[in-house]
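In what follows, a structure is listed as structure tokens, so that the remarks can point back to it.
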């Protein structure tokens, strides 16, 4: 998998509440022009839990038809039901997605054997390489290091998006990275530390808003300019904090609208940012300096 920044793309909605397919394509085109390596569709930031199967299919299918070969298409295929995760992995692989992102089963909190068996079943069935997704703050479960070590040896597991938020755990995950197993950082405030530990890039929410800035952060680090990379990461630290002050993707959609890139609102049960958090976010957007 190519190193770089992959944007966890928002799903734009019309005022009627329908998915805005044309706006989705506009956002993907913008990401390509700004230098990201790929986009994650119908994931957490894309509001997968409130998209119908038909809507997910439409988003992935249209993106593959229009953008495959120009950018890397990563399709979310996670579920707390292994059968559904397997079905989605087959379907989106067959559609032509380059990679599949499968989140750890949420709510039912499997033990290590259940976690391993779930991901092994998905990887066995998938028609494209699978990226694991560890995000305990959302799932209530964690892909343990022993399970990760076992899954790494599966021929169809390509890597992991690690979003646990622990630098210690991230260090152990990065120790597993090699040419056949990619580690991508899933926390925008930890991109530079992750790169320093050997991660190959990041799956970013922040890059919906500032794709060129995030890609530059990674590129200057790889070019050996750690001072500039540090400056970029720290210059946006308050902003990346504000982008997660309320449940993702509420803040990033609010930020996009404020910046003139309206992606619509979020579907219930997500409603709107708290006013004090929105005010702080908009103030930070106004105060940004070029980096």
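Every number here is computed from the coordinates shown, using simple stated rules; none is lab data. Please read these numbers as outputs of a predicted model, since none were measured by experiment. When we count neighbours, we look across all protein chains shown, and the Cβ atoms used for this are built from the backbone with ideal geometry, even at glycine.
Data table
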| item | result |
| --- | --- |
| Enumeration of residues in the range 189-218 that are in contact (Cβ under 8 Å) with a residue 40 or more places away in the chain and closer than 22 Å to residue 158 by Cβ | 191, 200, 201, 202, 203, 204, 205, 207, 214, 215, 218 |
| Looking only at the range 1-60, and only at residues there that are in contact with a helix residue (DSSP H, G or I) (Cβ under 7 Å, 6 or more places away or on another chain) and part of a strand (DSSP E or B), the one that is farthest from residue 271 (Cα to Cα) | 4 |
| Residues that are more than 26 Å from residue 45 (Cβ to Cβ) and part of a helix (DSSP H, G or I), drawn from the range 149-176 | 149, 150 |
| Qualifying residue in the range 102-121 (condition: closer than 26 Å to residue 187 by Cβ, within 20 Å of the chain's Cα centre (by Cα) and in a helix (DSSP H, G or I)) | yes |
| Sole exception among (1) touching a strand residue (DSSP E or B) at 6+ places or on another chain (Cβ under 9 Å); (2) more than 21 Å from residue 43 (Cβ to Cβ) for residue 260, by number | (1) |
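This table checks each residue for (1) crowded, with 24+ Cβ neighbours inside 10 Å; (2) more than 30 Å from residue 81 (Cβ to Cβ); (3) free of Cβ contacts under 8 Å to residues at least 12 places away in the same chain.
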{"residue": "2", "(1), (2), (3)": "no, yes, no"}
{"residue": "7", "(1), (2), (3)": "yes, no, no"}
{"residue": "11", "(1), (2), (3)": "yes, no, no"}
{"residue": "15", "(1), (2), (3)": "no, yes, no"}
{"residue": "21", "(1), (2), (3)": "no, no, no"}
{"residue": "32", "(1), (2), (3)": "no, yes, no"}
{"residue": "36", "(1), (2), (3)": "yes, yes, no"}
{"residue": "48", "(1), (2), (3)": "no, no, no"}
{"residue": "52", "(1), (2), (3)": "no, no, yes"}
